[in-house]
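The values are calculated or read from the model by the stated rules, or taken from the named source; none is laboratory data. What you see is a predicted model, and the numbers here were worked out from it, not measured in a lab. Quick reminder, even Gly has a Cβ in these numbers, built from the backbone with ideal geometry, and neighbours come from all protein chains shown. Note: accessible area is taken over every heavy atom of the protein model, side chains too, but ligands, DNA and RNA are not part of it. Shrake-Rupley method; radii C 1.70, N 1.55, O 1.52, S 1.80 Å.
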Amino acid sequence: TSTAQHKIALVFGGSRGIGAGIALRLAQEGTNVALTYAAAAAKANEVVAAIEAQGRDALATQADSGNAADLQSAVRQAVARFGRIDIVVVAAGILHVADVAEFSIDNLDRMLDVNVRGVYLAIQAALPHMGEGGRIVTIGSNVAERSSHPGSSVYAMTKGAVAVMVKGLAVDLAPRGITINNIQPGPIATDMTADMLEMITPLIPVKRVGQPAEIGGLVAYLTGPDSGYMTGASLTIDGGMSL
Ligand code: NDP
């Protein structure tokens, strides 16, 4: 009964930070959640326990977003457990900051693999299990709008690619009744930004960093009934930082 009554979400990168905040919010909305992690099995299991404590079902699967077979396996396991997928969120992402003179080819390839190729392959793998009314959300970044910090060229390139990918996918998926939108957060308090937040906060007009739950709130809108006319959009949520 639970899969018939409750929507099913698959959150790539749901073990920590923004993805965990999204997974918890979707559970509050009544959604059962499958989530992936790269390495942090214990963190992923904490998120699963928190979702189960809310009375929803959850499943954590190890899947490196740089690995196509892992992504397909995560989708298979989610469908084996829940039968279908209504909502896909791709939050998995990495950040490597370095000047162009020092950026290694290995780090360049890894950034492109996880932040761009992995986003595309995750969506591609999930789509056969999605139908009319499906909702897809990617997590880009406000650096796609303005990247004024030294060393951010590759990260900005990956997030700009996601914003444009989402426009193209929105056109492809519209006839199937599936929307896809991209959230572009500014600084959010997570492990990724832990050592930068103090430096960044004065640059944010609202004078604070964001919380993962605030991104979860936007995902609740984008995956809910009121957002059906919005697709292909990139929504910046950054306390005014990129204005
Ligand atoms: P965190 O580093 O806190 O968490 C990253 C999440 O992604 C974890 O669940 C992690 O899994 C997972 N992940 C990392 N690498 C991989 C991989 N190769 N394969 C699968 N999963 C992976 O990051 P944030 O929550 O801060 O960031 C989430 C997303 O939001 C990213 O795409 C990031 O670029 C974007 N973003 C973040 C901002 C911020 O200020 N924090 C601002 C704008 C955008 P595990 O726990 O196993 O390592």
Q: Determine the pairs where a residue that is in a helix (DSSP H, G or I), located within the stretch 223-237, has a partner that is open to solvent by less than 40 Å² (accessible area, probe 1.4 Å) and basic (Lys, Arg) with Cβ atoms under 9 Å apart, the partner being 6 or more residues away or on another chain.
A: Ser227/Arg135
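Give, as residue ranges, the helices (runs of 4 or more DSSP H) completely inside the stretch 1-115 that count at least 1 residues that are touching a His at 6+ places or on another chain (Cβ under 7 Å), surrounded by fewer than 16 Cβ atoms within 10 Å (Cβ to Cβ) and of a type in the set (S, T, N, Q).
Values: elements: 2-5, 17-28, 41-53, 68-82, 105-112.
In the stretch 1-115, the matching helices (runs of 4 or more DSSP H) lie at 105-112.
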(Q) Taking the conditions exactly as written (among the small types (Gly, Ala, Ser) and not in a helix (DSSP H, G or I)), does Gly160 satisfy them or not? (A) no
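Against the condition near the ligand (Cβ under 8 Å from one of its atoms) and part of a helix (DSSP H, G or I), how does Met199 come out, does it pass? Reasoning before the result, please.
Values: near the ligand (Cβ under 8 Å from one of its atoms): no; part of a helix (DSSP H, G or I): yes.
No.
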Q. How many of the residues in the stretch 20-43 are within 12 Å of the ligand (Cβ to nearest atom) and more than 26 Å from Glu132 (Cβ to Cβ)?
A. 9
(Q) Go through (1) part of a helix (DSSP H, G or I); (2) aliphatic (A, V, I, L, M); (3) near the ligand (Cβ under 10 Å from one of its atoms) for Ile183 and report which single condition fails. (A) (1)
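Taking the stretch 202-222 as the region of interest, how many residues are part of a helix (DSSP H, G or I) and either open to solvent by less than 30 Å² (accessible area, probe 1.4 Å) or among the aliphatic types (A, V, I, L, M) (or both)? Break it down stepwise before answering.
Our first condition is that a residue be part of a helix (DSSP H, G or I); within the stretch 202-222, this holds for 202-203, 212-222.
After this cut, where a residue has to be either open to solvent by less than 30 Å² (accessible area, probe 1.4 Å) or among the aliphatic types (A, V, I, L, M) (or both) as well, the list is 203, 212-213, 215-220, 222.
Of the residues in the stretch 202-222, 10 are part of a helix (DSSP H, G or I) and either open to solvent by less than 30 Å² (accessible area, probe 1.4 Å) or among the aliphatic types (A, V, I, L, M) (or both).
Name the residue, out of Gly133, Gly168, that is assigned to a helix (DSSP H, G or I), open to solvent by 30 Å² or more (accessible area, probe 1.4 Å) and more than 16 Å from the ligand (Cβ to nearest atom). It would help to see each step written out before you state the result.
Values: Gly133 fails: assigned to a helix (DSSP H, G or I).
Residue meeting the stated conditions: Gly168.
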Q: Taking Gly140 as the residue in question, decide whether it is closer than 19 Å to Leu235 by Cβ, away from the ligand (no atom under 11 Å from the Cβ) and open to solvent by less than 10 Å² (accessible area, probe 1.4 Å).
A: no
